[in-house]
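The values are calculated or read from the model by the stated rules, or taken from the named source; none is laboratory data. This is a predicted model, so every value here is computed, not measured. A quick note on method: Cβ atoms are made from the backbone with ideal geometry, for glycine too, and the neighbour counts reach across all protein chains shown.
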Amino acid sequence: MSYLDRDHETSSSGGAGRFRQAFGRIFGDAENPLGWALSIGRVAGIRVRLHLFFLVYVLAMLLTSIGQGHLGVGYMALAMGGLFTVVLLHEFGHCFACRAVEGEASEILMWPLGGLAMCDPPHSWRANFITTAGGPAVNVAILPLTVGGLLLAGRADTILFNPFMPGATVGSLDAWWLVGLWWLHYLNLLILGFNVLIPMFPMDGGRLVQAMLWSRVGYRQATETTVIIGFVGAGVLGVIALVANQVMLLAIAGFGAVMCWRERKLLRMEAELGAGFGPGSLDDEDETVAERERRRYEKERLRDAKEQAELDRILAKIADRGMASLSIAEKRSLKRATQRRQRG
């Protein structure tokens, strides 16, 4: 009998273990901060997950809106609802665009700095450009609807605004539905502008610049150049944030700089490995059928290796803390591995 075939103990490992188990049942892997997310449903096979920090951010915004001189909970709740709606639609745009070019898209993670669509398009500049452009395209499609609504409401004066002072405009609106419409308009334009006009990773602007350069100089050089542009963009954005006293803007600048550094690190790791596959290996032309089959095989091999590494981690965790310490996701992974072994 293998270790996977045994009936593991489900005894509690103490108060801390019970807490981790309860936390894992709701938010996933308690030991991985990126996995602290609550699944809220599926649309067209795409799972939507809400990160714990997003919930904390919404709660903090609602609490800070209370009191004299602030927007109020009602208006802030409308803003948070508008933010969630616009970001989610934007990410679905990425997912459906990715599928349109025969790529894979399976999950969207909503978190305080926006959304993350888990997309895997074919390795070509066209496929990556289309996948990236799918998000902003949704914002462009929403724009005439919100502008038309404001025009019909007789509030053409609110179509253009100071992005750093939304409260000035919200305070001039006297109907709840109009406040909700304006928040949708404001946030849609803000997300469109930030994503397209800021040329740094992981913003859409950075990905679009990378794809356009890729078509001329190849993937590797395009990524190196985009990383440099991204560092400059993050620096400029950081200075603007300090001058304007915008904490969130400063956080976005810092996050962008970290992501640019990560892209450079990944690119150099690929070059050092020299494995002949991965994002740097197909620089100039779109994939042929043979190349696509090779990448599919290599992707499956890497996936199997990752699954084995995850299984080893889970087994080590069981040995250390018992079966009760596993999250729901970990138990499912263990069950799948057991079933695969039983099938041979």
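Would you check if LEU178 is assigned to a helix (DSSP H, G or I), in contact with a Lys or Arg (Cβ under 9 Å, 6 or more places away or on another chain), within 30 Å of GLY72 (Cβ to Cβ) and of a type outside the set (D, E, K, R)? Criteria met by LEU178.
Assessment of the range 181-190 against the conditions (touching a Pro at 6+ places or on another chain (Cβ under 7 Å), assigned to a helix (DSSP H, G or I) and in contact (Cβ under 8 Å) with a residue 12 or more places away in the chain) yields at least one matching residue. Taking LEU145 as the residue in question, decide whether it is free of Cβ contacts under 8 Å to residues at least 40 places away in the same chain, more than 25 Å from HIS94 (Cα to Cα), out of contact with any strand residue (DSSP E or B) (no Cβ under 6 Å at 6 or more places or on another chain) and assigned to a helix (DSSP H, G or I). In short, no.
Of all the listed residues (PHE92, PHE96, PHE84), the sole one being within 30 Å of ALA211 (Cβ to Cβ) and surrounded by 21 or more Cβ atoms within 10 Å (Cβ to Cβ) is PHE92. Taking the criterion of being in a loop (DSSP other than H, G, I, E, B) and either touching a Phe, Trp or Tyr at 6+ places or on another chain (Cβ under 8 Å) or within 18 Å of LEU249 (Cα to Cα) (or both), the residues of the range 148-166 that qualify are ARG155, PHE161, ASN162, PRO163, PHE164, MET165. Being modelled with pLDDT under 80 and within 15 Å of the chain's Cα centre (by Cα), is that true of even one residue in the range 14-34? Yes, the range 14-34 has at least one match. When restricted to residues that are free of Cβ contacts under 8 Å to residues at least 60 places away in the same chain and either closer than 24 Å to ALA133 by Cβ or not in a helix (DSSP H, G or I) (or both), the range 223-248 contains 15. Against the list (1) at pLDDT 85 or above; (2) closer than 22 Å to GLY256 by Cα, the condition LEU109 fails is (1).
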